[in-house]
Amino acid sequence: MNKPSSQERYVRNKSDASSSSKMVRSKVTLELHLLPVDVLRDIFSRLSLKQAVRMSALSREWWRLGLCHPDLVFTKDTLFGSNKIIYYIDRESTTAEFITRVDNLLRPFWSSPTTTTTVDKFVVKFGLTRHHMHHIDRWINFSTESMAKHISLDLIGWSVHEDDKYVVPLCKLSGSNGSCVKSLHMANVCVKLAPSFSGITNLKKLSLHMVSIDADDLQCLLLSCALLESLRLEDSPLSSFSIRQELCRLQHLSVRECPVGTIQLRAPNLTTFQFDDFPTQIVLIESSKLLEATFVFKNIRYNWCEDALDYVLAELPAALPYVHKLFVHVLVEDEVCCMPSLKIIIPSPYIYLGCICSY
């Protein structure tokens, strides 16, 4: 009898190894199926998203059981790896691949109407625009149907024009649809409230970064969120920020890098306030519980410091009469470091001045 050649032995060994691997996977899957669904969900919650996806590939039955990782974080790092470099020339193909991967992960839940999925955190952070509206709308629908508590939509991209920004359909998060949402972060998007918007019932934390929204829509949004405790506005093109009605639950407010001329609020329970630049007017006279305010001056030249300090020492104490501690950070350009040290006598014990040099 002829002995098998080395190539035949290699093919046979490879086939045997493949069969053995399949048997092991089948045995593992069978044993895991014997566990209660609650135990399987707990196992999923302790894995990373990447590990959970690999584990779910063992059996389609797991998808039918509604097994879903509690933190669905779809970013470049989670779907492509931290070492992935996205070049501008490849943006279209990479974006298409990102959408495909997200859809593939969520499709089993869309195709099973009887599946009840519960998600704690739902995050999408990638360079998408209004042209991808169909996909993003479906993802937002999934986040509300899965009762996500924390939603983040950051469509950071390649110098997206204002007209190309995705318009967030906040009506999908209003009323009973968004009753589970407790925190909402939006970045690099556009917000236009529809007449059907009725507020996000249980929202406690709202963060807007580089979000296009007009003053009327912002006021309507804030007043319709009765439980709002924390608000952060950053790098958004707001000309004014004035809310006449009372925001009775608001405790933390941050307005950074927004070209507002006026900050006027009725927030009796406000405890911390963070802002920068030169607002024309600050009116927080009803904030009697204000413990701490932080004021940041950016890119101020040496010959502007005197005016800045006059504003801090003369106008801010009158605008914030109840504040316990006022922190002032002045960021100056590098040539200031060559100037003689500036001695400042601060008459109020609750004002703390810091100077940070940028190079």
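Values in this text are rule-based calculations from the coordinates and carry no lab data. Owing to the predicted nature of the structure, the values given are computational and were not obtained by experimental measurement. Heads up, the Cβs are rebuilt from the backbone with ideal geometry, glycines too, and the neighbour counts pull from every protein chain shown.
Neighbour counts of other Cβ atoms within 10 Å put Phe80, Phe197, Phe241 in the fewest-to-most order Phe80, Phe197, Phe241.
Annotation: amide H of Phe327 within the under-5 Å range of Ala293, Thr294, Phe295, Tyr352, sequence separation 5 or more or interchain, hydrogens built in the peptide plane. Net charge dipole, region 70-228: roughly 420 debye, given to the nearest 20, about the Cα centre with Cβ charges of +1 for Lys and Arg and -1 for Asp and Glu.
Pairwise alpha-carbon distances in region 177-247 exceed 21 Å for 17% of all pairs. Computed over region 136-289, the percent of Cα pairs more than 29 Å apart is 14.
Extending 7 Å from Cα along the Cβ direction at Gln219 and again at Asn83 yields two label points whose distance is 5.4 nm. The label-point distance for Ser198 and Asn269, in a model that sets each label 7 Å from Cα toward Cβ, rounds to 2.4 nm.
Applying the Karplus relation 6.51 cos²θ - 1.76 cosθ + 1.60 with θ = phi - 60° to region 190-198 yields 3J(HN,Hα) values of 10, 10, 9, 6, 7, x, 7, 5, 10 Hz, where x marks Gly and Pro.
Listed peptides 251-260, 91-100 appear in the order 251-260, 91-100 once ranked by packing, highest mean of other Cβ atoms within 10 Å at the front. Scanning residues 5 or more positions from Leu270 or on other chains, those with amide H under 5 Å from its amide H are Lys289, with H placed 1.01 Å from N in the peptide plane.
For region 70-228, the alpha-carbon radius of gyration amounts to 1.03 times the rule-of-thumb value 2.2 N^0.38 Å expected for a compact globular protein. Oblate is the label for region 147-188, because the ratio a/c of its alpha-carbon gyration tensor axes (a ≥ b ≥ c) is 1.5 or higher and a/b is not greater than b/c.
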